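Below is one structure, written out as structure tokens; comments come after it.
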Amino acid sequence: MIQIVGALAPVFLLILTGYAIRRKGLLPDAFWSPAESLTYHVFFPALLVANIAKADLAGLSVAPMAGALICGVLIVTGFALWSKPLLRADNTVFTSFFQGTIRPNTYVGIAAAAALFGEAGLALTAIAIVFVVPLVNILSVTMLIRYRTKTEGEVERSGRALIVRELTRNPIVLACLLGG
């Protein structure tokens, strides 16, 4: 247990430090949006490419792990969709619920895998990322487009065309493909 706490403590301390910096106003509010954008478009994709590309997969049986991960995500997706009428939530709330249900916390996963299991943990995490992150993004974008609220005067586009456009522009999906 102490090993897990020791592995995750630096990650959560970093998160808490960022929260404290924002709460105390040590950086202007104008800093955060560009910082989040830079993280989403550059830093996190670079982390994914680096971890996936350098993963040593020698001797690992990828297919069973990939199958288990994909099935797990699809089962949770089914439960989330099944629960939509029970939630009595509008479409915007449901898409947030859906994403919160199926999205893994890759940042914490990479840090924990590296701290607890070293290179072997990073290799397994890289396999998980390659299969789970694109699938989760495909499902999330599909749900966002399926349940989006159309604005007045919006040009109607094919759902498939929107999904393809958004996925081909998604830096996280592209990073997984590039790293893989």
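In a Gaussian network model over the chain where Cα atoms closer than 10 Å are linked, find which of ASP29, ASP56, ASP90 has the largest mean-square fluctuation.
Answer for the Gaussian network model of the chain: ASP29.
Quick one: Cα centre-to-centre distance for region 63-94 and region 3-24, in angstrom?
29
Go through region 11-25 residue by residue and turn each phi into a ³J(HN,Hα) via Karplus (6.51, -1.76, 1.60, θ = phi - 60°); whole Hz please, and just put x for glycine and proline.
5, 6, 5, 5, 4, 5, 4, x, 4, 5, 4, 5, 4, 7, x
Given the Cα-Cα distance of ILE75 and ASN105 and 0.36 nm per residue of separation, how much length would full extension add, in nm?
Numbers: separation 30, 0.36 × 30 = 10.80 nm, distance 1.81 nm.
Residue separation times 0.36 nm, minus the Cα-Cα distance, leaves 9.0 nm.
Restricting things to Cα coordinates, could you compute the convex hull volume per residue of region 51-180 in Å³? Walk me through the numbers on the way to the answer.
Details: hull volume 15.3 nm³, N = 130.
Dividing the Cα hull volume of region 51-180 by its residues yields 118 Å³.
Run the accessible area of the chain with a 1.4 Å probe and give the carbon-and-sulfur part as a rounded percent.
Numbers: 7790 of 11430 Å².
Summing carbon and sulfur atoms, their accessible area is 68 percent of the total for the chain.
Let's see if you can work this out: charge +1 on each Lys and Arg Cβ, -1 on each Asp and Glu Cβ, no other charges. What is the dipole magnitude of region 1-103 about its Cα centre, in debye to the nearest 20? Don't skip to the answer; put the middle values down first.
Numbers: 7 positive and 4 negative charges, 44 e Å.
Dipole size: approximately 220 debye.
Once you put a point 7 Å from the Cα of LYS24 and another 7 Å from the Cα of LEU8, both along the Cβ direction, what distance in nm separates them?
2.6
May I ask which residue of LEU86, VAL76, SER140 lies farthest towards the positive end of the charge dipole of region 53-151, with charges of +1 (Lys, Arg) and -1 (Asp, Glu) on Cβ and the Cα centre as origin?
LEU86
Quick check: pseudo-label points 7 Å beyond the Cα along Cα→Cβ at SER61 and ARG88, how many nm apart are they?
Here the answer is 4.9 nm between the modelled labels.
Enter the accessible area per residue of the chain (Å², integer; probe 1.4 Å; all protein chains in place).
Working: 11430 Å² over 180 residues.
Per residue, the chain has 63 Å² of solvent-accessible surface.
Could you give the size of the charge dipole of the chain about its Cα centre, using +1 on the Cβ of each K and R and -1 on the Cβ of each D and E, expressed in debye and rounded to the nearest 20?
Numbers: 14 positive and 9 negative charges, 65 e Å.
My answer is approximately 320 debye.
Residue by residue, what Karplus-based ³J(HN,Hα) values in Hz, rounded to whole numbers, does region 162-179 have, using 6.51, -1.76 and 1.60 with θ = phi - 60° and x for Gly and Pro?
Working through the residues one at a time gives 5, 4, 4, 4, 5, 6, 6, 9, 7, x, 6, 4, 4, 5, 4, 5, 5, x Hz.
Can you work out the Karplus-derived ³J(HN,Hα) for every residue in region 29-46? Use 6.51 cos²θ - 1.76 cosθ + 1.60 with θ = phi - 60°, whole Hz, and x for glycine or proline.
4, 5, 6, 5, 5, x, 5, 5, 5, 5, 4, 5, 8, 10, 5, 5, x, 5
The values are calculated or read from the model by the stated rules, or taken from the named source; none is laboratory data. This is a predicted model, so every value here is computed, not measured. Backbone-built Cβ (ideal geometry, glycine too); neighbour counts: all protein chains shown. With ligands, DNA and RNA removed, areas are computed over all heavy atoms of the protein, side chains included. Shrake-Rupley method; radii C 1.70, N 1.55, O 1.52, S 1.80 Å.
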